[in-house]
1. Can you tell me the 0 to 90 degree angle between the C-alpha axis of helix 118-131 and the longest principal axis of the chain, rounded to 10?
2. In the Gaussian network model of the chain, springs joining C-alpha atoms below 10 Å, which of Pro43, Pro96, Pro27 carries the largest mean-square fluctuation?
3. With a ≥ b ≥ c taken as the square roots of the eigenvalues of the C-alpha gyration tensor of the chain, please select rounded if a/c is under 1.5 and otherwise prolate if a/b is larger than b/c or oblate if it is not?
4. Around Val139, which amide H atoms from residues at least 5 apart in sequence, or from another chain, sit under 5 Å from its own amide H, with H modelled in the peptide plane?
5. If you line up the long axis of helix 56-66 against the longest principal axis of the chain, both from Cα atoms, how many degrees apart are they, to the nearest 10?
6. Towards the positive end of the charge dipole of the chain, with charges on Cβ (+1 Lys, Arg; -1 Asp, Glu), say which of Trp122, Asn46, Phe171 has the farthest Cα.
7. Between Leu28 and residues 5 or more places away or on another chain, which pairs have amide H atoms under 5 Å apart, with H built 1.01 Å from N, and which residues are they?
8. For segment 98-192, place one equal point scatterer on every Cα, skip the solvent, and apply the Debye formula. What is log10 of I(q)/I(0) at q = 0.14, 0.17 Å⁻¹?
Amino acid sequence: MIRLAVLRHGHTDWNRAGRIQGRSDIPLDDAARADLSDLRLPPPWNTADLWSSPLRRASETAQLVSGRTPRTSDALIEMNWGAWEGKHGTDLAADPNSGFRPIEDWGWHYRPPRGETPTEVWTRIAPWLHSLTTDTVAVCHIGIMRMILARAYNWSFEGPAPFRIKRNRLFVVELDDSTMTPWPDPVRLIARDQP
């Protein structure tokens, strides 16, 4: 059995403005850098293998909370939001012609214009997951975390999600052959000066 802990990257200017980032390579903002500089991975996660998305906001988060340079994988890049990247989610939701839907109404085949479906995202994540050989921390994006947790919880992107992704928390999934079992509670990052 291997444990995978996924961590969402810190805030960016686009996050705070409610803009959809997707694959746009938006860096952490200064406040996020300051906050993350005061946090670290708790044991035993501080010695686990470390991976991240190659996008700067994820790789920098990984480095700040671990003091190590992560290995990167394109499998961990955020979901492609296509024509909606850079737009405000509230504007898309208010436009009845946009096709934008709340996550509870997606299903596995929902596709933003010229973007990826959850099924396509899962298809690129799954080989990376199956390649893991030891406990691993992966710093990535909310879309990637949703796909992993959706599979672990058997959630079909229909109705309310059985999890709520928050920052500065590790969401742990146990991987055992073809099964994925989520831990019921996330693990908080700890203060850098905490023993």
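1. So the inclination is approximately 20 degrees.
2. In this elastic network of the chain, the residue with the biggest mean-square fluctuation among Pro43, Pro96, Pro27 is Pro96.
3. Oblate shape, in that a/c is at least 1.5 and b/c is the bigger or equal ratio.
4. Those qualifying (amide H under 5 Å, at least 5 residues apart or on another chain) are Leu7, Trp51, Ser52, Ser53.
5. That helix lies at roughly 20 degrees to the long axis.
6. The residue sitting most towards the positive pole is Asn46.
7. The answer is Arg57.
8. -0.56, -0.81
The values are calculated or read from the model by the stated rules, or taken from the named source; none is laboratory data. Given the structure is predicted, the values throughout are model-derived calculations rather than measurements. Here Cβ is always computed from backbone atoms with ideal geometry, including for glycine, and neighbour counts include all displayed protein chains. To get the accessible areas, we keep the full protein, side chains included, count just its heavy atoms, and leave off ligands, DNA and RNA. Shrake-Rupley method; radii C 1.70, N 1.55, O 1.52, S 1.80 Å.
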